[in-house]
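Heads up: the structure comes next, in C-alpha cells.
The values are calculated or read from the model by the stated rules, or taken from the named source; none is laboratory data. No experiment lies behind these values; they were computed from the predicted model shown. Positions of Cβ are backbone-derived with ideal geometry, glycine not excepted, and every protein chain shown enters the neighbour counts.
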Amino acid sequence: MENFRYFLFLAYNGTGYHGWQTQPNAPTVQEELEKALRILTGKPVSLTGAGRTDTGVHARRYYAHFDTEERIADETLTQLVYRLNGVLTPAIVILDAFRVKPEVHARFSALSRTYRYYISRRKDPFSDNQSWIYTRELDLRAMSQAAEIIREYTDFTCFSKSGTQTRTNDCLIIESFFRQEEHMLIYQVKANRFLRNMVRAIVGTLLEVGKGSISLDEFRAILEEGSRSDAGMSVPACGLFLEDVEYPEGIRLQP
C-alpha cells in the first residue's frame, strides 16, 4: 500500500516546554502537536521532527513529517493548518503543511541548521525569556575572532554534552559570527549537524574569551584537546533560537 508523506512547517516559543521530543511526565512540543492532530483526525498521528531542541529553546522555522495511507487534498491541508492553530496553544503556530516525496525525512534529509543566540546588553522587558541578559564588559573583537576560529575545526567534543550516544562528534561549520543590533548581541552558527547542548556551550566559551578569561590561543587548545571541562559554561536556553532548517530543492510535491 502506498504511503503519502507530509511536512508541517511550524514555529514555537519553547519557554513552557521540555524541548521538541516527547518524554515522560514533561510537556513537549511534539506531544502537544500530536495531541492536537489526534483531536482533529480522530486517529493517532506519529510525527518525526527535524531534531531535538533543549528545554526552553525556541524555533522560528521547524519541520516535522507524518505519513498517511490516503492522499490529502490541497484544500484539506489548508483547513488542517487553520484548525490546528485553533486547537494549539499560543506558543505554537503552524505556518504551512505540504506534501513531500516519500523518501524525504524531516531529520535526515536536512542539509543544514542555523541557530542564533541572543544576548541582551541591558535589561529589556520586551525580550524576557527570549534572550539572556549579560551586561558585563566584553571584548567583542576577540569574541568575533574566536567565532571565526571555530570554522577551522570539525571535532567538537569539547562542546558536547557528556553521555550522549552519537557515533561522531564531527560537524561541518558553515557560518560562525557575531553581529550587533542595537542593544542585542547575536551569535549565529550554521552547520550540517549539531551535538546536544553544543551551541550553548560554544556561546559560553566565547563569552569567556570576551571577558578575557580565555585567550585565543587557549581557545584553540580547548578545541584541539576536546575536554568539555576546559570549555565555558552552557548559557541559559532562553536566548537560543533554531532559526532555519535547510532542505534540498524540489522536495515539495503537488498535493
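So, ILE72, is that one assigned by TED's automatic domain parsing to the domain that holds GLY239 and either hydrophobic (A, V, I, L, M, F, W, C) or not in a loop (DSSP other than H, G, I, E, B) (or both) or not? Write out each step before concluding.
Numbers: assigned by TED's automatic domain parsing to the domain that holds GLY239: no; either hydrophobic (A, V, I, L, M, F, W, C) or not in a loop (DSSP other than H, G, I, E, B) (or both): yes.
For ILE72, the condition - assigned by TED's automatic domain parsing to the domain that holds GLY239 and either hydrophobic (A, V, I, L, M, F, W, C) or not in a loop (DSSP other than H, G, I, E, B) (or both) - is not met.
I need a count of the residues in the stretch 46-69 that are of a type in the set (A, V, I, L, M, F, W, C) and either assigned by TED's automatic domain parsing to the domain that holds ARG196 or part of a loop (DSSP other than H, G, I, E, B) (or both). Write out each step before concluding.
We begin by selecting, within the stretch 46-69, every residue of a type in the set (A, V, I, L, M, F, W, C); these are 47, 50, 57, 59, 64, 66.
With either assigned by TED's automatic domain parsing to the domain that holds ARG196 or part of a loop (DSSP other than H, G, I, E, B) (or both) added as a condition, the list becomes 47, 50, 57.
Total satisfying the criteria: 3.
Given the conditions (1) surrounded by fewer than 15 Cβ atoms within 10 Å (Cβ to Cβ); (2) in contact with a strand residue (DSSP E or B) (Cβ under 6 Å, 6 or more places away or on another chain), which single one is not true for VAL93?
So the condition that VAL93 fails would be (1).
Within the stretch 1-29, can you find the residues that are in contact with a strand residue (DSSP E or B) (Cβ under 6 Å, 6 or more places away or on another chain) and of a type outside the set (Phe, Trp, Tyr)? Please lay out each step first, then the result.
Just the residues of the stretch 1-29 that are in contact with a strand residue (DSSP E or B) (Cβ under 6 Å, 6 or more places away or on another chain), to begin with: 3-14, 18, 20, 29.
Across the stretch 1-29, the qualifying residues are ASN3, ARG5, LEU8, LEU10, ALA11, ASN13, GLY14, HIS18, VAL29.
Kindly list the number of the only condition in (1) at negative phi; (2) in contact with an Asp or Glu (Cβ under 6 Å, 6 or more places away or on another chain); (3) surrounded by 18 or more Cβ atoms within 10 Å (Cβ to Cβ); (4) not aromatic (Phe, Trp, Tyr) that fails for GLY19.
(1)
Contact list please: Cβ distance under 7 Å, first residue in the stretch 61-84 and surrounded by fewer than 18 Cβ atoms within 10 Å (Cβ to Cβ), second residue part of a helix (DSSP H, G or I), pairs at least six apart or on different chains.
Note: pairs meeting the criteria are ARG83/LEU40.
Can you find, within the stretch 139-166, the residue that is farthest from ILE222 (Cα to Cα) among those that are in contact with a strand residue (DSSP E or B) (Cβ under 8 Å, 6 or more places away or on another chain) and in contact (Cβ under 8 Å) with a residue 60 or more places away in the chain? First the steps, then the outcome.
Filtering the stretch 139-166 down to residues in contact with a strand residue (DSSP E or B) (Cβ under 8 Å, 6 or more places away or on another chain) leaves 140, 143-144, 147-148, 150-151, 153-156.
This time we only want the ones that are in contact (Cβ under 8 Å) with a residue 60 or more places away in the chain, so: 140, 143, 150, 153, 155-156.
Numbers: LEU140: 20, MET143: 15, ILE150: 11, TYR153: 11, ASP155: 11, PHE156: 10 Å.
Ranking the qualifying residues of the stretch 139-166, first place goes to LEU140.
Kindly establish whether SER162 is surrounded by 16 or more Cβ atoms within 10 Å (Cβ to Cβ) and not basic (Lys, Arg). Break it down into steps so the answer makes sense when it comes.
Numbers: surrounded by 16 or more Cβ atoms within 10 Å (Cβ to Cβ): no; not basic (Lys, Arg): yes.
Answer is no for this residue.
Taking the criterion of being among the acidic types (Asp, Glu), more than 16 Å from TYR187 (Cα to Cα), within 20 Å of the chain's Cα centre (by Cα) and surrounded by fewer than 16 Cβ atoms within 10 Å (Cβ to Cβ), would at least one residue in the stretch 135-142 satisfy it? Don't jump to the end; show me each part of the working.
Step one: filter the stretch 135-142 for residues among the acidic types (Asp, Glu), giving 137, 139.
Next cut, more than 16 Å from TYR187 (Cα to Cα) only: 137.
Checking the rest, the ones that are also within 20 Å of the chain's Cα centre (by Cα) come to none.
Taking every residue of the stretch 135-142 in turn, none turns out to be among the acidic types (Asp, Glu), more than 16 Å from TYR187 (Cα to Cα), within 20 Å of the chain's Cα centre (by Cα) and surrounded by fewer than 16 Cβ atoms within 10 Å (Cβ to Cβ).
Tell me whether the stretch 204-221 contains one or more residues that are under 16 Å from the mean Cα position of the chain (by Cα), closer than 26 Å to ALA11 by Cβ, outside any strand (DSSP E or B) and touching a residue at least 12 places away in the same chain (Cβ under 8 Å). It would help to see each step written out before you state the result.
Quick first cut of the stretch 204-221, residues under 16 Å from the mean Cα position of the chain (by Cα) only: none.
Within the stretch 204-221, none of the residues are under 16 Å from the mean Cα position of the chain (by Cα), closer than 26 Å to ALA11 by Cβ, outside any strand (DSSP E or B) and touching a residue at least 12 places away in the same chain (Cβ under 8 Å).
To keep it simple, each residue is scored yes or no on (1) among the β-branched types (Val, Ile, Thr); (2) within 20 Å of ARG200 (Cβ to Cβ); (3) at pLDDT below 95.
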| site | (1), (2), (3) |
| --- | --- |
| PHE98 | no, no, no |
| PHE108 | no, no, no |
| PRO125 | no, no, yes |
| TRP132 | no, yes, no |
| ALA147 | no, yes, no |
| GLY163 | no, yes, yes |
| LEU172 | no, yes, no |
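Return a yes/no flag: does the stretch 156-176 have any residue that is more than 23 Å from THR53 (Cα to Cα) and not in a helix (DSSP H, G or I).
Going through the stretch 156-176, the residues more than 23 Å from THR53 (Cα to Cα) turn out to be none.
No, the stretch 156-176 contains no residue that is more than 23 Å from THR53 (Cα to Cα) and not in a helix (DSSP H, G or I).
Search the stretch 180-193 for residues that are over 27 Å from ASN169 (Cβ atoms) and pair each with any residue that is hydroxyl-bearing (Ser, Thr, Tyr) when their beta-carbon atoms are under 6 Å apart and the residues are at least 6 apart or on different chains.
Sorted first by the residue in the stretch 180-193, then by its partner, the pairs are MET184/TYR118; MET184/SER120.
If you scan the stretch 15-30, which residues turn out to be closer than 12 Å to THR89 by Cα and in a helix (DSSP H, G or I)?
Of everything in the stretch 15-30, those that are closer than 12 Å to THR89 by Cα and in a helix (DSSP H, G or I) turn out to be GLY16, VAL29.
Residue by residue through the stretch 168-186, note down the ones that are crowded, with 16+ Cβ neighbours inside 10 Å and in contact with a helix residue (DSSP H, G or I) (Cβ under 7 Å, 6 or more places away or on another chain). Break it down stepwise before answering.
Step one: list which residues in the stretch 168-186 are crowded, with 16+ Cβ neighbours inside 10 Å, which gives 169, 171, 173, 176, 178, 184-186.
Result: ASN169, ILE173, SER176, PHE178.
Going residue by residue through the stretch 127-138, is there one that turns out to be closer than 15 Å to GLY51 by Cβ and either in contact (Cβ under 8 Å) with a residue 12 or more places away in the chain or out of contact with any Lys or Arg (no Cβ under 7 Å at 6 or more places or on another chain) (or both)? Before the answer, list the steps.
Of the residues in the stretch 127-138, the ones closer than 15 Å to GLY51 by Cβ are none.
Within the stretch 127-138 (the criterion being closer than 15 Å to GLY51 by Cβ and either in contact (Cβ under 8 Å) with a residue 12 or more places away in the chain or out of contact with any Lys or Arg (no Cβ under 7 Å at 6 or more places or on another chain) (or both)), the answer is no, since none of the residues qualifies.
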